[in-house]
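Visitor: Okay, handing you the structure first.
Laboratory data are not the source of any read-out in this text; all were calculated from the coordinates shown. Every value quoted in this text rests on a predicted model; they were computed, and no experiment measured them. Glycine gets a Cβ as well: all are built from the backbone with ideal geometry, and neighbour counts include every protein chain shown.
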Amino acid sequence: MQTIVKNCAGIDVHKMMVMVAIRKEMPDGNIQTLTREFGTFRKDRELMCQFLKQHQIDLVVMESTGVYWKSIG
């Protein structure tokens, strides 16, 4: 299978936390996966953004069973 996006993340939004899973293609071609949990307050969302930037994530997809137009914080 051909890789389309080398560095991507999925976030699962819950009422009190956001679970983030990232998939990165390393320079040697190996795949690295990381999972991290974040809170839903503003400082937690800022940490999540820093985490995604640190890992050079190109694409993020979100899953949530709640309403999408409300802030997660």
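Visitor: Can you name the residue in region 1-21 that is of a type in the set (Val, Ile, Thr) and out of contact with any Ser or Thr (no Cβ under 8 Å at 6 or more places or on another chain) and is also nearest to residue 59 (Cα to Cα) among such residues?
Guide: Among those that are of a type in the set (Val, Ile, Thr) and out of contact with any Ser or Thr (no Cβ under 8 Å at 6 or more places or on another chain), it is 5.
Visitor: Let me ask something else. Which ones in region 4-34 are on the phi < 0 side of the Ramachandran plot and surrounded by fewer than 11 Cβ atoms within 10 Å (Cβ to Cβ)?
Guide: Result: 4, 15, 16, 26, 27, 28, 30, 31, 33.
Visitor: Just to be sure before I move on: is residue 42 free of Cβ contacts under 8 Å to residues at least 40 places away in the same chain, of a type in the set (Lys, Arg) and within 19 Å of residue 63 (Cβ to Cβ) in the structure I sent?
Guide: no
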